[in-house]
1. Name the residue, out of A281, A304, that is exposed (fewer than 11 other Cβ atoms within 10 Å of the Cβ) and outside the structural domain of I549 (by TED's automatic domain parsing).
2. Considering only residues that are within 11 Å of N238 (Cα to Cα) and in a strand (DSSP E or B), which ones fall in segment 128-151?
3. Is it the case that some residue within segment 687-701 is modelled with pLDDT of 75 or more, within 24 Å of R618 (Cα to Cα) and assigned by TED's automatic domain parsing to the domain that holds L640?
4. Quick check on segment 467-479: of everything there that is modelled with pLDDT under 80 and not in a strand (DSSP E or B), which residue is surrounded by the most Cβ atoms within 10 Å (Cβ to Cβ)?
5. Assuming A329 fulfils every condition listed in (1) touching an Asp or Glu at 6+ places or on another chain (Cβ under 9 Å); (2) over 30 Å from I565 (Cβ atoms) apart from one, which condition is it?
6. Given the criterion in contact (Cβ under 8 Å) with a residue 60 or more places away in the chain, aliphatic (A, V, I, L, M) and within 20 Å of G548 (Cα to Cα), identify the matching residue among L301, L266.
7. Return only the number of the condition from (1) at pLDDT below 75; (2) touching a Pro at 6+ places or on another chain (Cβ under 9 Å) that E710 does not satisfy.
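The values are calculated or read from the model by the stated rules, or taken from the named source; none is laboratory data. Everything numeric in this text was worked out from a predicted model, so none of it was measured. Counting neighbours? That spans all protein chains shown, and the Cβs are built from the backbone with ideal geometry, glycine included.
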Amino acid sequence: WPSVEATGVAYNTYWQARVWDGWALALVVLAIVSLVVWPRPGGAFLFAAFLVWGVAYAVQLIFPSLTPHLSGPVRLANLIGVPLIAAVAFQEVATAGGVSGEALTAGVDWHPLLDVLRHLGRVEEGEKALTAALARIQRYIGVEGVALGVPAVDAVPSVRFIGVYPPTLNDPPTVPLDDHSVLARAVRSREPQSLSDPDREPDSASLLARLGFEHSGPLMVVPLVGERDVLGLLVLANLVGERPLAEEEERARVVAQTLAVAIAHLNLRRAAEQRAEELSAVMQRQEAERAKSVASLQAELEQAREEAQAFARRVAEMEEEVARHRKQAQEFAQLFQMEQEHAQEAAQVAAQAAIYEAELKELAEARETLEEELNRWKQRAERLEQERERLEAQVEALQKVTEASQAEAAQETVVSGSLVADARGNIILVDGGARRLLQASQEELRGMPLGALFADPLWAQTVDSLLSGDAEEDVVGITLEQNGHLIRAELSRLATKEGPSGYAVLLQSKTEEEENRAEMIASLAHELRTPMTSIVGYTDLLLGESLGILGEMQRKFLQRVKANIERMGDLLNDIIEVTAMESGRVELRPEPVDLITVIEEAIMGLSARFRERDLSVRLDMALALPPVRADRDALYQIMLHLLSNACQCSREGTEIVVSGHLEEAEREGLPSYVRVSVSDTGGGIAPEDRPKVFQRFYRADRPLIAGLGETGIGMAIAKTLVEALGGRIWLESEMGVGSTFSFILPVDRGEEEGEEA
């Protein structure tokens, strides 16, 4: 039945159902015709059944029901016709039975046999049901005495009689087969054995006496034959009148078959009960073993809980130790700074002592001269004494001023300078700090174009984009190298209502003291790795269950500890990396790099985190991008930090877009560059927070920035690496939507020359 038709058509009105009902009606009519032409016993029941079915199928064809799919008239006809056919079948079986038709017509009463079958059907009563049925067996067969025996479990083949009717004063005995030949013959031949004259076999005649009967007469032993063995023996006897048992043999066979089935069922029931008892014993043993196992597991669980508590205490001790080491490191840094200050003070005191010694020597000589001319130059000596006191006061004041200047100079860690250019980009003002950084005089710098201030082509390109108005921001930062030192330059547009009125440049250079501070931070970060490695090792040991089985809650706690330690390790790596870049120890190896391959590797590295947040990444790249001139590892770190930020701040179930295209150079002599952007769905970053995104160590004492996923210094690392590769990075954000981080890198000049050729 097609699925389309099944939704709109009732099956009883479908053509397939009509054909089926037509064929059924035709078969019913054919059966009725055959019964009329060839009548047979029981034909009336069959005729009535087929007539009911014919009427039902005719009604179904003429008046089909829409619901349900099954026909009501046909089901009603089945309820009427099937019992009629069963009645015909029962009549056939009864007619074809072992009793001849003449016996049935003679009016034999079958009620005693049915009574016997009903009593033998109560197998759950066991041998009591078999014993209770002996009276009904005696009446059905028509003998004067009946006894029933079953095989006995003994070394000698024996028969254990379980019941005798009529009851006697003796208990049912157990007799060996060899003591009574008629019993042995019945077991071996598996056929009924008759003994009409007991005097011929005295051992067999004595069987009736052992059963408790006072008289003896003809007897018959009928074996109860099962599928394989003889299940029992039925002993029949006529005790008075000595009437032969030939006429009762047929009934005895019927009863023997019924008793065999009943005893077989009884044996199966006993075997099942015995098996049930064995299974119950096994289950009790297993339950006891399970209780022992549960107790053992509870003991192991308690031990594991104690070990976990001990481990938690150990972790707390390690954390305290880490805090103590951190405090000691701070104290060592303070002591080192104090020692430096003491050394400077000692040097100053030594220099001052030398000055004082020279002055004292001069004063001693002057004193000798004055003593010689004391009488003549007494007044002059007094004036010289006053002059000396005034000079000492001036020396002391100068010493204080010198110490204050040295303390102020020790606090300065960055040499900075600034200069101002007019609206055309020519320098008009330069301060002393800028002249020292650039190592040029006021006359050399005044009037110079801003683009010629540094030889780096990226500086000229940045200045041109700011002067032409193509820059997206009013403040642009770039890191340059001048005379072996890194200089941070920030260009800002001085805007008015009429337009740009000029441009300001702020220059900053790091001193040796800041480099020492960065080295100290890197050293402390390396020192923290040792206890962290120990914590990770102990955590892995416990998670591997080498010291015992862990519970679900214990495993979650340990996994959380490991995840936090690994996160701390990532933060330390970021600190080491940024301090290494600040101190200039990072060596970049620029080479032609396929940008698309690096982006795909970074996406694969964060694929697990994307799947965890149900995020998808779409690449919107140009069909062919030329290689960029960059360090491959540094470029991979840049993409990793940008994608990680997008993954952390984007809403779950949204899409992250990574785009890239080629930007041609606006002027000859400047390189072309590739622009790469990563867009997220984090809701955007407020305008007042955007200048803080790329600051290093910003979040140490300030709140987090809404819309930014990175909570460490990842964005500062990305900015430093981009600028170290000769590029520039910036942020574009739309509140309520998301942010886009973009950077540019110069194209490999060898590739550009190849394309031009």
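1. Values: A304 fails: exposed (fewer than 11 other Cβ atoms within 10 Å of the Cβ).
Residue meeting the stated conditions: A281.
2. G145, V146
3. Residues of segment 687-701 modelled with pLDDT of 75 or more: 687-694.
With the extra rule that they be within 24 Å of R618 (Cα to Cα), the set shrinks to none.
No.
4. So the first thing to find is which residues in segment 467-479 are modelled with pLDDT under 80, and the list is 468-479.
This time we only want the ones that are not in a strand (DSSP E or B), so: 468-474.
On the way: S468: 9, G469: 9, D470: 9, A471: 18, E472: 10, E473: 15, D474: 12.
Among residues in segment 467-479 that are modelled with pLDDT under 80 and not in a strand (DSSP E or B), the one surrounded by the most Cβ atoms within 10 Å (Cβ to Cβ) is A471.
5. (2)
6. Working: L266 fails: within 20 Å of G548 (Cα to Cα).
Only one candidate qualifies: L301.
7. Going through (1) at pLDDT below 75; (2) touching a Pro at 6+ places or on another chain (Cβ under 9 Å) one by one, E710 breaks only (2).
So that you can scan it fast, the table gives a plain yes or no per residue for (1) modelled with pLDDT under 75; (2) in a loop (DSSP other than H, G, I, E, B); (3) over 30 Å from E307 (Cα atoms):
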site: E481; (1), (2), (3): yes, no, yes
site: L486; (1), (2), (3): yes, no, yes
site: E490; (1), (2), (3): no, no, yes
site: P531; (1), (2), (3): yes, no, no
site: Y538; (1), (2), (3): yes, no, no
